[in-house]
Each structure stands twice: as structure tokens, then as C-alpha cells.
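Asker: Structure incoming, see below.
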Amino acid sequence: MIEEDKSLNFIEEIVEEDLRNGTHDGRVLTRFPPEPNGYLHIGHAKSICLNFGLAQKYNGKTNLRFDDTNPVTEDVEYVESIKKDIQWLGFQWAEELYTSDYFETLYQYAVTLIKHDLAYVDDSTAEEIAAAKGTPTEPGVPTPYRSRSVAENLTLFQEMRDGKYKDGEKVLRAKIDLANPNMHLRDPLLYRIKHAHHHRTGDKWCIYPMYDFAHGQSDSIEKITHSVCTLEFIPHRPLYDWLIEKLEIFPSHQYEFARLNMTYTVMSKRKLLQLVTEGHVESWDDPRMPTISGFRRRGYTPASIRNFCERIGVQKRENMIDVSLLEFCIREDLNKTAWRRMAVLDPIKMVITNYPDGQVEELHGENNPEVEGGEGSRMIPFSKELWIEREDFMEEPPKKFFRLGPGLSVRLKHGYIVECHDFKKDENGQVTEVHCTYIANSKSGEDTSGLKVKGTIHWVSVAHAKKAEVRLYDRLFQVENPAAEEDFKASINKESLHIIENAYIEPDLDNAIPGKGYQFIRMGYFTLDTKSTPDHLVFNRTVTLKDSWAKEVKKG
């Protein structure tokens with residue numbers, strides 16, 4: 001028996017009802033059917049988590065089926081990126097399939113429809129067909145070719161396959177109902193001519209099935225039990241069912257859920273492609289892109305994205321999800337998994353005037369204090385000269401400034417309490433050095449000084465620091481719903497990337513692990529960029545420690 005669960009989403013309720021009734025012999029087989037014409041984005045992640053999650057929950061399987069029916073826009077690069085993204089998210093498909101695997105079967109299905117006088121070859125132009133379809137309030141009218149005989153249609157369709165006609169010269173249409181209120185049932189296109197090289201079938205075919213003809217029939221061929229689509233396919237469902245019924249094939253059924261819409265981003269592949277081709281971003285995996293590969297390069301974890309998809313749930317109505325929820329999910333995950341390290345992004349030098357010249361201490365720092373046992377530790381070199389953040393010193397500090405200034409004391413993270421007594425400026429009046437004294441018996445973990453300070457700052461030893469490029473990423477768009485703008489590119493955030501060429505990092509980061517998250521103490525969460533090299537370290541900021549964007553919006 002299946003246990004009752006009040007938190008089931010509506011698709012899980014359908015699956016459980018089917019299992020109780022013994023529908024499909026108790027099988028659950030879902031599919032994820034991307035078109036290989038671009039990189040997957042966060043919206044696809046929701047569909048992946050839903051389809052693979054259903055199969056996992058109900059001891060079923062999920063097929064990966066590439067909807068490769070448009071050779072002009074598809075590429076092997078996209079196929080490989082899609083497979084990589086799904087596996088990175090933590091899922092594995094049962095079978096890797098392609099709609100092109102079924103081209104011959106689909107062709108024969110079309111022949112069957114023609115033989116039953118349910119499809120015909122139409123010579124009309126695209127404009128003529130559109131005009132003859134009528135409007136939502138007015139019925140369509142038949143084109144002169146709708147009355148062709150079965151024999152003539154069979155001959156013409158074979159000639160289409162044989163390459164006798166040019167692109168657009170003829171199409172195959174279903175013969176359904178030109179007065180149907182659902183425009184998708186007004187003799188929809190089933191096949192079009194495209195003389196283009198296909199990435200798998202080469203030049204074998206010059207006619208290709210339309211999505212509506214290939215989709216349901218491919219589901220049926222694979223005996224998919226629950227075909228899950230987004231809401232925009234609701235009007236397509238009657239055609240999905242009509243074709244399966246007329247062909248008398250396995251009765252797969254389509255179910256629809258709300259696609260993911262997220263603030264401060266766009267989800268259209270066409271618009272994402274524009275961002276890449278017009279140079280607004282570096283590539284499909286630019287860390288500002290909402291692609292799965294972009295999130296991976298930025299330092300997002302599979303667990304954070306899966307958790308995000310679980311939190312937003314599966315709805316029947318469209319809504320807009322705040323990107324802050326996704327940022328919350330990655331902060332929550334990285335807080336538990338990221339190793340703590342120190343990095344100084346805007347450095348000024350601190351000289352500890354009473355610290356012995358040439359002396360170096362090895363201080364102890366836990367990798368992650370949020371985890372019991374700290375996940376191990378590393379040694380941090382400490383010396384007379386340190387780099388500190390420029391913002392941690394003020395020449396004339398206000399009352400509640402708990403960092404460094406003349407006469408003020410702070411604790412150095414993992415180290416000693418220091419008191420500022422002097423500073424140096426250059427000819428432009430900019431502070432270049434801060435001079436402090438340290439309290440020898442105030443070392444962290446061994447402090448017997450009895451002194452209390454309110455501030456703790458991070459630092460890096462000058463003699464041991466490594467240089468790195470640090471990239472600070474922010475939201476790519478300045479408005480909540482850029483897709484609704486007349487020109488979505490006009491709302492691109494020009495400050496979405498700030499590059500710091502010479503940051504100083506503690507030496508342990510010289511061995512940073514690719515794909516690992518690091519918290520730069522007080523600065524945010526970072527990861528090693530995929531294009532980083534041993535001679536030129538590059539770190540990407542995944543997310544800030546707090547939601548600073550919300551504060552900016554309030555201020556505005």
C-alpha cells in the first residue's frame with residue numbers, strides 16, 4: 001500500500017492513483033525531452049528534478065530523449081552539455097534516446113494517417129495556410145489541396161521524402177476540423193521539407209516531423225506512462241491524444257505543470273542565445289547566465305538547485321519566483337560545506353611594529369566551524385606585515401566603528417589583538433600603511449590578556465600571500481521581469497561583473513579544489529573558475545554572505 005502523504009504535489013497524486021489502480025501494470029516511466037539547440041537553464045532544472053524525482057520516488061525510470069527534429073539549430077555540443085548538466089545535478093537516465101531513432105517509424109505513422117484519409121499534402125505557402133486557418137472566433141476554410149485523394153497524397157509524400165521538392169514547397173497536414181475552437185486542431189502541420197544536414201542521420205532525410213507529431217508518438221513508442229510538460233502545451237494535448245487514438249498506439253498521456261519564471265533573469269533560449277552571440281556575456285556558461293553550466297561555474301551546488309526546485313514545488317498556475325530564494329538555498333548549502341579561508345580584495349598594509357622581525361608563526365584555522373570536528377584544519381602563516389581590507393581602517397572613525405583607527409583595537413582572525421597607533425599616507429593623501437602593536441598574550445585559543453574587543457578582521461601575511469584575480473558577479477538585469485520589457489537587453493546591469501585583478505589570498509588557496517566552495521571570511525562565497533590556471537588563479541563569487549540586493553532595493 002502507498003502511504004498517504006499530505007504534501008504530495010498534484011502530479012504525484014496522479015501517479016499514486018495510477019499505481020493504486022494498476023494502470024500501466026504498476027510501471028512509472030517518465031522522460032526528459034530537451035531539444036539540443038542550446039544549453040539547459042534553471043527552468044529545465046525544475047523539469048529534470050520533477051521527471052527524475054518521480055521515477056526515483058516510485059521505483060521507476062526516466063529516459064533522456066533528445067527532440068532532434070530541427071537540424072538547422074541543433075548541435076552535438078548541446079547534446080553533450082545537456083548530458084553533463086543532468087549528471088551533475090545527480091541524475092542518471094535509463095536510456096539515451098533520440099527522436100531521430102524513430103524517423104522511419106514516424107514516417108510510417110504518417111503514411112497510416114494518409115491511408116485513413118486523415119492527412120494530406122498541401123502546396124500552400126505558410127502565409128496562405130495561416131490565413132486559411134481563420135481566427136479564434138472565425139472558422140478556417142479548406143485550401144484547394146485538402147480534397148486530394150489518398151493515392152495522390154501517398155505519392156506526393158513519398159516524393160517529398162525522396163527529395164523531389166524544395167524547402168517550403170509542400171507540407172503534410174493532419175485532416176481534423178477547420179472549425180474547431182482549438183486552433184491546434186485546425187489541420188496542423190505534421191511534416192515539413194528541410195534540406196539540411198542532421199547531426200545524427202546526416203543527409204538521409206530531407207523531411208522532418210513537427211514537434212506535435214513527433215512528441216506524443218515518441219512517448220508512445222517508449223511506452224512513457226506520465227509525459228510531463230509545461231502549461232503552454234495544454235492546447236497541444238487534444239492533438240497529442242487525437243494522434244495516439246487514430247494511430248491506435250500505446251496511450252501515453254500528457255500532464256502539465258507551471259514552468260519556472262524567476263525574477264531578474266530571462267528563460268527564453270532565443271534571448272539567452274542573443275546574450276551570447278551579441279557579446280553581452282562571455283559564453284553560455286558565463287556565471288551571470290541562468291544556465292545550469294553558468295550556475296556550476298559560479299559555484300552553485302547540485303544540492304542547492306535540487307533544494308530550490310523542491311521548495312518552489314509543482315504548481316498548476318504560473319507565478320514568479322524571487323531569485324532571492326535560490327540565493328538563500330546556495331547560502332544555506334555552502335554555510336555547511338564551504339571551507340573558510342581569508343582573502344583581501346582591497347589591500348592596505350598593516351605593520352605590527354613590536355612583532356619580531358623575520359618571525360613567522362603557524363596559526364591554526366578550522367576548515368568549517370559549522371561542522372562538528374571542523375572538517376579538519378589548515379595552518380595559516382602569521383608575520384610582522386599583513387594585508388588587511390582598506391575598509392577596515394578609518395583615519396577618523398565614528399563612534400560605533402569597531403575596526404581599526406587611531407587608538408582603536410581589533411582582533412585579527414585566528415590571531416592576536418592589535419591596537420592602531422599610527423598610519424602613513426602617500427602624496428595623494430591615500431593611506432598606504434597602518435601601524436599597530438600586538439598584545440603577545442592575546443592569541444586566539446590561548447588568550448590570557450583579559451582584554452575585550454568588539455571587532456574581528458581578516459588578514460593575509462604579506463610574505464606568504466598569493467595573488468589572484470577575483471570576479472564579483474551580480475544580477476545580470478536591473479529589473480524584476482526583463483522579459484516583459486520592450487527591449488530586454490536595455491535593462492542589463494552594467495555593474496554585473498567587477499574584476500579585481502590583484503587580490504591577496506592565504507597560501508592554502510594556491511591548492512584550491514575545482515568545484516569546491518570556499519567562504520572568503522566576511523567577503524562571501526567563492527569558487528575556483530574553470531579557466532583558472534596555476535599561474536593565474538581566478539575565483540568567482542558565488543553569492544554574498546547576506547542579501548545585499550534587498551537592501552539596495554529598499555534604499556532606492
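Asker: Cα axis of helix 10-21 to longest principal axis of the chain: angle in degrees, 0 to 90, nearest 10?
Answerer: The angle comes out near 60 degrees.
Asker: Given the chain, report the % of alpha carbon pairs whose separation exceeds 38 Å.
Answerer: In whole percent, the share of Cα-Cα pairs in the chain beyond 38 Å is 46.
Asker: Still on this structure, please answer the following. Along the charge dipole of the chain, pointing to its positive end and built from +1/-1 on Cβ of Lys, Arg, Asp and Glu, which listed residue (293, 409, 511) has its Cα farthest out?
Answerer: Working it through, the farthest residue towards the positive pole turns out to be 409.
Asker: Which three numbers, in whole Å and largest first, are the semi-axes of the equivalent ellipsoid of region 267-392 derived from its Cα gyration tensor as √(5λ)?
Answerer: Ellipsoid semi-axes (Å, largest first): 41, 21, 12.
Asker: Which value at 222 nm does the chain reach when only helices count, each DSSP H run of 4 or more adding -39,500 (n - 2.57), with the total divided by all residues and rounded to the nearest 500 deg cm²/dmol?
Answerer: Estimated from H runs of four or more residues: -8000 deg cm²/dmol.
Asker: Which of the peptides 369-381, 160-172 is most tightly packed, and how do the rest follow, judged by the mean count of other Cβ atoms within 10 Å per residue?
Answerer: So the order, starting with the most tightly packed, is 160-172, 369-381.
Asker: Determine Rg/Rh for region 348-457; Rg is computed over alpha-carbon atoms and Rh is the Kirkwood hydrodynamic estimate from the same atoms.
Answerer: With Rg and the Kirkwood Rh in hand, the quotient comes to 0.99.
Asker: Tell me which residues come under 5 Å, amide H to amide H, from residue 207 once H is placed; ignore anything under 5 positions away on its chain.
Answerer: Residues meeting the amide H criterion: 194.
Asker: Expressed as an acute angle from 0 to 90° and rounded to the nearest 10, what is the orientation of the C-alpha long axis of helix 76-88 relative to the principal long axis of the chain?
Answerer: Once rounded, the angle reads 60 degrees.
Asker: For region 12-108, state the semi-axes of the equivalent ellipsoid (square roots of 5 times the eigenvalues of the alpha-carbon gyration tensor), sorted largest first and rounded to whole angstrom.
Answerer: After scaling each eigenvalue by five and taking roots: 26, 18, 10 Å.
Asker: While we're on this one: Once phi is turned into θ = phi - 60°, what whole-Hz ³J(HN,Hα) does the Karplus curve with 6.51, -1.76 and 1.60 give for every residue of region 429-436, x standing for Gly and Pro?
Answerer: Per residue, the Karplus-derived 3J(HN,Hα) values read x, 8, 5, 10, 9, 10, 9, 9 Hz.
Asker: What translational diffusion coefficient, to the nearest whole µm²/s, does region 50-157 have by Stokes-Einstein, given a Kirkwood radius computed over alpha-carbon pairs, a temperature of 37 °C and 0.692 mPa s viscosity?
Answerer: Working: Rh = 17.8 Å.
Once the numbers are plugged in, D ends up at 184 µm²/s.
Asker: Provide the packing ranking of 351-357, 242-248, 388-394, i.e. peptides ordered by the mean count of other C-beta atoms within 10 Å per residue, highest first. Mind showing how you got there, number by number?
Answerer: On the way: 351-357: 13.9, 242-248: 16.1, 388-394: 18.7.
Sorting 351-357, 242-248, 388-394 by mean packing, highest first, produces 388-394, 242-248, 351-357.
Asker: Identify all lysines with a Cα-Cα distance to residue 204 below 20 Å; exclude those on the same chain that are fewer than 8 residues away in sequence.
Answerer: Output for residue 204: 164, 166, 170, 194.
Asker: How tilted is helix 42-57 with respect to the longest principal axis of the chain? Cα atoms for both, answer in degrees (0 to 90, nearest 10).
Answerer: Around 80 degrees separate the two axes.
Asker: At 1.4 Å probe radius, can you tell me the per residue accessible area of region 20-257 in Å²? Let's see the in-between values first.
Answerer: Details: 9820 Å² over 238 residues.
For region 20-257, the per-residue accessible area is 41 Å².
Asker: Once region 162-306 is represented by equal point scatterers at the alpha-carbon sites, with solvent omitted, what log10 I(q)/I(0) does the Debye formula produce at q = 0.15, 0.22 Å⁻¹?
Answerer: Reported log10 I(q)/I(0), two decimals: -1.05, -1.22.
Asker: Could you derive backbone 3J(HN,Hα) for region 209-215 from the dihedral phi with the Karplus parameters 6.51, -1.76 and 1.60 (θ = phi - 60°), listing whole Hz in sequence and x where the residue is Gly or Pro?
Answerer: Listing the rounded values in order: x, 6, 3, 5, 7, 6, 5 Hz.
Asker: Same structure again: Can you work out D for region 20-257 in µm² s⁻¹ from Stokes-Einstein, where Rh is the Kirkwood radius over C-alpha pairs, the temperature is 10 °C and the viscosity is 1.306 mPa s?
Answerer: So the translational diffusion coefficient is about 84 µm²/s.
Asker: Could I ask something else about it? When you count, for each residue, the other Cβ atoms within 10 Å and take the mean per peptide, how do 415-423, 473-481, 198-206 rank with the highest first?
Answerer: The densest-packed peptide leads the list: 415-423, 473-481, 198-206.
Asker: Given a 1.4 angstrom probe, I'd like the percentage of the accessible area of the chain that is carbon and sulfur, rounded to a whole number.
Answerer: Here carbon and sulfur together make up 49 percent of the probe-accessible area.
Asker: When ligands, DNA and RNA are left out and all protein chains stay put, how many square angstrom of accessible area per residue does region 348-457 have with a 1.4 Å probe?
Answerer: Using a 1.4 Å probe on heavy atoms only, each residue of region 348-457 averages 54 Å².
Asker: Counting only residues 5 or more places away or on other chains, whose amide H sits under 5 Å from the amide H of residue 97 once H atoms are built in the peptide plane?
Answerer: 64, 65, 66
Asker: In addition: Non-local amide H neighbours of residue 35 (under 5 Å, H modeled in plane, Pro and chain starts lacking H): which ones?
Answerer: Excluding prolines and chain starts, which carry no amide H, the hits are 67.
Asker: Dipole size in debye (nearest 20) for region 348-457 around its Cα centre, Lys and Arg Cβ +1, Asp and Glu Cβ -1?
Answerer: 360 debye
Asker: Between their Cα atoms, which of 46/115; 399/425; 84/223; 223/516; 425/516; 246/316 are more than 32 Å away from each other?
Answerer: Working: 46/115 41 Å; 399/425 23 Å; 84/223 25 Å; 223/516 40 Å; 425/516 39 Å; 246/316 29 Å.
Checking Cα-Cα distances, 46/115; 223/516; 425/516 exceed 32 Å.
Asker: For region 92-107, in order, what is each residue's ³J(HN,Hα) by Karplus, 6.51 cos²θ - 1.76 cosθ + 1.60 with θ = phi - 60°, in whole Hz (x at glycine and Pro)?
Answerer: Per-residue couplings from phi come out as 9, 7, 6, 9, 9, 10, 9, 4, 4, 4, 9, 4, 5, 4, 5, 4 Hz.
The values are calculated or read from the model by the stated rules, or taken from the named source; none is laboratory data. As the structure is a prediction and not an experimental result, all values here were calculated from the model. Backbone-built Cβ (ideal geometry, glycine too); neighbour counts: all protein chains shown. For the accessible areas, the whole protein counts, side chains as well, though only heavy atoms, and no ligand, DNA or RNA atoms are used. Shrake-Rupley method; radii C 1.70, N 1.55, O 1.52, S 1.80 Å.
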